[in-house]
Amino acid sequence: MAEWNPFKRVARLREAKPLRKPDDDPFERIPPGQYSTTKFPVLTYGETPHVSISEWRLKIWGLVEKPLTFSWDELQKLPRKEIVCDLHCVTRWSQLDMKWEGVPFRTIAELVTPKAEARFVMQHCYGGYTTNLPLEELYEKDVLIAHKYDGLPLVREHGGPVRMLVPKLYLWKSAKWLSGLEFMREDKPGFWEKYGYHNHGDPWTEERFG
């Protein structure tokens, strides 16, 4: 198997010319440089983890008053929410009106009680992937710990059994195969951020690269 080099992937993406022209979007739902699609491409760093529901855990730690670890059954007992949202990938595709279900991040935060000095969260995943976000942005109403897509359990290729969903940012910030949330005082880059992606990732201002 050929060596997988993240630096080369980011370099190719920087230099790539879009295969499709950006959409002329009269409804202003497609960010600059994006095109709409009804497909849901699978883009993954490394191997796709296989995590059974019985083995899956979500660990919450760091600057919180009550660190917790959730099993699948415990997560299912929490209040859930369904949303319809648009998602935008840094590789330039956007899909509109995607249906998701999961536990609001706000619910998790209320249970663990972040400390006053907590300002950032690092998402940790099975397979070793990480990505960072400001805590205040995770409190938005459409941010979910998602386990269903389009009414069905989330498949492995798209992050199942559980992934983060942060619709306002490029999709690499919605970590697949979520296993942990680390609450932090200081910001630090995650996996793709270390290799050249932007630290924040707003599609509307094209925060693709750092």
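Below, the figures for the structure above:
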| item | result |
| --- | --- |
| Criterion violated by TRP61 - all others in (1) touching a Gly at 6+ places or on another chain (Cβ under 9 Å); (2) at positive phi satisfied | (2) |
| Scope the range 158-198; condition within 12 Å of HIS124 (Cβ to Cβ) and open to solvent by 20 Å² or more (accessible area, probe 1.4 Å); matching residues | LYS176, SER179, GLU182, PHE191 |
| Matching residues, the range 33-56, being closer than 17 Å to LEU171 by Cα and aliphatic (A, V, I, L, M) | VAL42, LEU43 |
| Selected residue (only one of LYS81, LYS115, LYS77 is within 28 Å of THR38 (Cβ to Cβ) and charged (D, E, K, R)) | LYS81 |
| Odd one out for GLY102 among (1) buried (at least 21 other Cβ atoms within 10 Å of the Cβ); (2) over 30 Å from SER54 (Cβ atoms); (3) touching a strand residue (DSSP E or B) at 6+ places or on another chain (Cβ under 6 Å) | (2) |
| Residues of the range 118-157 classified as open to solvent by less than 20 Å² (accessible area, probe 1.4 Å) and either over 14 Å from the mean Cα position of the chain (by Cα) or within 17 Å of GLU82 (Cβ to Cβ) (or both), total | 7 |
| First in the range 182-205 and at positive phi, second anywhere and open to solvent by 70 Å² or more (accessible area, probe 1.4 Å) and in a helix (DSSP H, G or I), Cβ under 9 Å, 6 or more apart | GLY196/PHE7; GLY196/ARG14 |
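The values are calculated or read from the model by the stated rules, or taken from the named source; none is laboratory data. A quick note: this is a predicted structure, and the numbers were derived from the prediction, not measured. We place every Cβ from the backbone using ideal geometry, glycine too, and count neighbours over all the protein chains shown. Protein only, heavy atoms only, side chains kept; ligands, DNA and RNA dropped before computing areas. Shrake-Rupley method; radii C 1.70, N 1.55, O 1.52, S 1.80 Å.
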